[in-house]
Amino acid sequence: MKKLNVLIFFGGCSPEYSVSLSSASGVILNLDREKYNPLTVGITQKGTWYYYTGPVDKLLNDTWQNPRDCTPAALSQNREDRSLLLLKENGIEHLPIDIAFPVLHGGNGEDGTIQGLLELAGIPIAGCGTLASALGMDKDRAHKLVKLEGIRVPQHLVLVRDTPFSQAREFAAKIGYPIYVKPVKAGSSYGVTKISGQEQLSAAIELAFQYDNQALLEENIEGFEVGCAVLGNNQLITGEVDEIELSGGFFDFTEKYTLKTSAIHVPARIDSAKAAEIKEKAKCIYKALGCSGFARVDMFLTPEGDVVFNEVNTIPGFTDHSRYPGMMKAAGYSFREVLTRILELALENDCR
């Protein structure tokens, strides 16, 4: 059987550049090489594309960008081509592409931008398409759509640069401290602050505006965070629900990638009926936002047993110790099996 060429994107013009290097390494190392041939494109933090042919370890220590391993590249927008263009000194070489797998986190990669480019080029995408990717990054609009499905979401207020500070102050006082201040569109907890009083509000808003042109004031939900890995297009399966145990604070960037004072339990330490409810709500949220391929749905479980939506990650972490592969492994699916299914689902969506 002919191997399929899988174009794997890594890096990206995003604060989450380094996270992408780790995730892409996990995908490359766990791909079934009997079925798939990985072609890798690195995107620098300035947004330059290179076709990369070096070893995976140069991604992990961020030494991949060098003349020996890199060739300037671009994507052909001719739908009949389905190819990567290598911009060589003696001309342009075409590399055929069967599937594209963006392993990019945050803006300019997880937000629908590269998905739109791939859809324009007619290349099957591993994971969510343009609309679902954009909605997954937009906390405000995702919450509004999920609320329409009858699922509880935190109270929130969206701020723009010229929103009077008095409006933010009054809303925070109304819902009560502590509250979260977040960029509307950002990931990996960049720009997120949990504040305990009004004296911290202005600085937290300014920090959020460093990552997006909109900021979000959000109600604090008592309880703990749970997550559910969802896989599929129309017929959905889930991994086991996981649980984040915190010793204090919140699951910020440092805790997500070091687990210094926190722990992840999979399966979550909840009864089977509640786990089943969370899985069903995760599927409902996945469908409401138009997701396909795969995504991780994050929720809160309150002391009263209520399930509250937090966010959807349309390109979750993909290292061996990341939450999505961990939840699927607990349900009996190996990392390699999950990646294979994701690529099969991409071909199912191929409209050509």
- Item | Set 263, 273, 330: member being touching a residue at least 12 places away in the same chain (Cβ under 8 Å), open to solvent by 40 Å² or more (accessible area, probe 1.4 Å), at negative phi and not charged (D, E, K, R) | 330
- Message: Can you confirm whether residue 82 is among the basic types (Lys, Arg) and touching a helix residue (DSSP H, G or I) at 6+ places or on another chain (Cβ under 8 Å)?
- Response: no
- Filter the stretch 333-352 for residues that are of a type in the set (D, E, K, R) and part of a loop (DSSP other than H, G, I, E, B); the one that is surrounded by the most Cβ atoms within 10 Å (Cβ to Cβ) is 350
- Task: Considering every residue within the stretch 148-168, establish whether at least one is within 30 Å of residue 78 (Cα to Cα), open to solvent by 40 Å² or more (accessible area, probe 1.4 Å) and without any contact (Cβ under 8 Å) to a residue 24 or more places away in the chain.
- Result: no
- Item | Residues within the stretch 121-165 that are assigned to a loop (DSSP other than H, G, I, E, B) and β-branched (Val, Ile, Thr), tallied | 5
- Using the structure shown, decide if residue 126 is within 20 Å of the chain's Cα centre (by Cα), modelled with pLDDT of 95 or more and closer than 30 Å to residue 77 by Cβ. yes
- Item | Members of the stretch 94-120 found to be assigned to a loop (DSSP other than H, G, I, E, B), of a type in the set (Asp, Glu) and over 16 Å from the mean Cα position of the chain (by Cα), listed by number | 98
- Query: Is there any pair with a first residue in the stretch 52-76 that is within 18 Å of residue 90 (Cα to Cα) and a second that is polar (S, T, N, Q) and open to solvent by 60 Å² or more (accessible area, probe 1.4 Å) whose Cβ atoms are under 6 Å apart and which are 6 or more apart or on different chains, and what are they?
  - Reply: 69/53
- Message: Take the residues in the stretch 17-34 that are open to solvent by 10 Å² or more (accessible area, probe 1.4 Å) and part of a loop (DSSP other than H, G, I, E, B); name whichever of them is farthest from residue 335 (Cα to Cα).
- Response: 34
- Of the residues in the stretch 170-218, those that are of a type in the set (Asp, Glu) and within 25 Å of residue 317 (Cβ to Cβ) come to 212, 218
- Looking only at the stretch 82-94, which residues are in contact with a strand residue (DSSP E or B) (Cβ under 7 Å, 6 or more places away or on another chain) and either at pLDDT below 95 or small (Gly, Ala, Ser) (or both)? 83
- Item | Output for the stretch 82-96, where each listed residue is more than 19 Å from residue 38 (Cβ to Cβ) and open to solvent by 60 Å² or more (accessible area, probe 1.4 Å) | 87, 88, 89, 90, 92
- Residues of the stretch 1-16 satisfying the condition of being modelled with pLDDT of 95 or more and open to solvent by 20 Å² or more (accessible area, probe 1.4 Å): 3, 4, 5
- Task: Would you check which residues across the stretch 35-53 are open to solvent by 30 Å² or more (accessible area, probe 1.4 Å) and in a strand (DSSP E or B) and list them?
- Result: 37, 49, 50, 51
- Query: If you take the residues in the stretch 108-146 that are open to solvent by 30 Å² or more (accessible area, probe 1.4 Å) and in contact (Cβ under 8 Å) with a residue 24 or more places away in the chain, which one is nearest to residue 10 (Cα to Cα)?
  - Reply: 108
- Item | Residue list for the stretch 72-81, restricted to those being crowded, with 18+ Cβ neighbours inside 10 Å and over 16 Å from residue 126 (Cβ atoms) | 73, 76
- Determine if the stretch 97-104 includes at least one residue that is in contact (Cβ under 8 Å) with a residue 12 or more places away in the chain, open to solvent by less than 60 Å² (accessible area, probe 1.4 Å), closer than 23 Å to residue 294 by Cβ and touching a Lys or Arg at 6+ places or on another chain (Cβ under 7 Å). yes
- Query: If you go through the stretch 54-67 one residue at a time, do you hit one that is among the hydroxyl-bearing types (Ser, Thr, Tyr), open to solvent by less than 20 Å² (accessible area, probe 1.4 Å) and at pLDDT 95 or above?
  - Reply: no
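The values are calculated or read from the model by the stated rules, or taken from the named source; none is laboratory data. Source: prediction; values computed, not measured. Glycine gets a Cβ as well: all are built from the backbone with ideal geometry, and neighbour counts include every protein chain shown. These accessible areas exclude ligands, DNA and RNA; they are computed on the full protein's heavy atoms, side chains included. Shrake-Rupley method; radii C 1.70, N 1.55, O 1.52, S 1.80 Å.
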